[in-house]
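Encoded as structure tokens, the structure appears first; notes follow it.
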Amino acid sequence: MSGVERFSARERRVLAVCLAAGFTSLLDQSVLNIAVPALQGALSADASQLQWIVAGYSLAFGLALVPGGRLGDVYGRKPFFLAGMALFVAGGVLSSCAQDAWLVVAARLFQGLGAGLVNAQVIGTIQDVFTGAARARALGMYAVTAGIATALGPPVGGALIAAAGAEPGWRLAVLLNVPFAVATLVAGARFLPRPRPGNAQAGLDLPGVALFAGLTVLIMLPFIRSTGYLAYGAGAAALATALVLQQRARARSGRRPLVHPALTRSAPYALGTTVAMAQFGASLASGMVLAVFLQGELGLSAMSAALVMLPQAVGMGTTSTFAWRLVRRYGERRVITSGLALSALSLLCGGLATLYVAAGALPWVLALCQLCAGAATGFTVAPTQAQVLRHAPAEAAGVAGGILQMSQRMAAAVCISAVSGLYLHSSVSAAGLPGMREAFWHASLACTAIVSVGLLISVLNRRPHTAAAAPSVPLAPAQGRELAP
């Protein structure tokens, strides 16, 4: 009997709405990556505008998760789910009609806020409606849906641009999520549970959110502007210090801080979250740069570029179906470490291929590297999710998932800014295809370094994660992966 068949009719309806919301919001970014070159040409967007268009979504998404979850705790989840989905729809329509790149940036920020608000309610709703093994299956299915949305984005976006042409094609790609979002909005209004009174003393910690947002932006800006490294670095250090002091003071006063103190004291949770951040950020950044390189430098059509990237989805889907078996046999740490090593090797080989492989054969070699990268993702993200959330302290279990997702989205915003900035600014001064190949090599090295940080942490984390320590509800194929890139 499958996991879905064990749910009641009411649970299936609620879960269907949650999965539709996850699919809609996470399809958005993967579709946009393949449409970036067409958008750039149509709106004459410069490098910094492109970085904000792609990274701003993740930034706003991440910042909305924790306060959005708290609002749902206090006032009920359904109103904020519907409001977030409506904001997401409005941002999509505005993006598709924009005649200026900065307007697209603003619309993407609105969409990111809406997506973060929606996903915060999705996580909370699953925790409210499901318990025990049913909750584990529901969260796993939500993660799988995210991976499917990410995998479908490039080929669907590429097909739209190929069929309609660059100018209307990128607008259709950006608008693609709107019908899904409207249908999800209607279903949510009908099937989500009615709001129930929550804990009015939960608090939102808006100062903590503001400090965290400012810190993330200050880390991003040097890579977007390519100037002022010392000033931005000093500002980031000052905000980081202020954030730590503010969080400690809020906890001592008896109010709930942005990051629950128990989470900062749990080394396995902190280390696992860092690994998840490295993997998620590097994967999104490398995907964006690859889409630009294939279309802008190799001259492939959007559809051809999507086909080069498609093996990643195949590899991810294949390995995620049996990764849980490897976890039960060898333990989480070994599987995660092996996946991260394969990911770093795939990124490194892809970068080297751009330096030495002829242009005619390069797409085939990069497709093979994408297959290996996808396989690595399938091995890594599901065990990482299980490891991180299992080691969250009991008193912080409710916010652990939200903090994990927020951390990943912040990492994505910074990594996309840094890696795409390195590539785009290097390509401006590059001469012809050889120079562009070198720019891609540098970007690949940066992504390899980011993944290697996660790999090093996984290797040094000697806490035993053997089969005996596996979760009481083992990962099943339906549990797939964490919010997969």
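The values are calculated or read from the model by the stated rules, or taken from the named source; none is laboratory data. Note that the structure is a prediction, hence the values are computed from the model and not measured. Note that we place each Cβ from the backbone using ideal geometry, even for glycine, and neighbour counts take in every protein chain shown. These area figures cover heavy atoms from the full protein model, side chains too; ligands, DNA and RNA do not enter into them. Shrake-Rupley method; radii C 1.70, N 1.55, O 1.52, S 1.80 Å.
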Inset, instruction - Between residue 190 and residue 167, with labels modelled 7 Å along Cα→Cβ, what's the label distance in nm to one decimal, could you check? - result: 4.0
Legend entry - Net length gained if the chain between residue 253 and residue 10 were fully extended (0.36 nm per residue, minus Cα distance): 83.4 nm
Legend entry - Extension gain from residue 445 to residue 357, taking 0.36 nm per residue of separation minus the Cα-Cα distance: 30.0 nm
Inset, instruction - Evaluate the Debye formula for region 337-397 with equal point scatterers sitting on the alpha carbons, no solvent, and hand back log10 of I(q)/I(0) at q = 0.13, 0.15, 0.30 Å⁻¹, in q order, two decimals. - result: -0.46, -0.54, -1.10
Legend entry - Helix axis angle, 77-97 relative to the chain longest principal axis, alpha carbon, degrees: 10
Inset, instruction - Report the percentage of all Cα-Cα pairs in region 253-384 whose separation exceeds 23 Å, rounded to a whole percent. - result: 42
Legend entry - Given charges at Cβ of Lys, Arg, Asp, Glu: the chain dipole, positive-most of 425, 262, 38: 262
Legend entry - Approximate spin-label separation residue 182-residue 245, in nm, with each point projected 7 Å along Cα-to-Cβ: 5.2
Legend entry - Cα-only radius of gyration and Dmax that characterise region 188-340, units Å: 21.6, 59
Inset, instruction - Pop out the carbon and sulfur fraction of the accessible area of the chain as a percent, whole number, probe 1.4 Å. - result: 67
Legend entry - Listed candidates (i) 40.1, 123; (ii) 21.1, 64; (iii) 22.3, 72 - label of the one calculated as Rg and Dmax of the Cα atoms in Å: (ii)
Legend entry - Fraction of alpha-carbon pairs over 17 Å apart in region 1-153 - percent: 63
Legend entry - For the chain: accessible area per residue (Å², 1.4 Å): 38
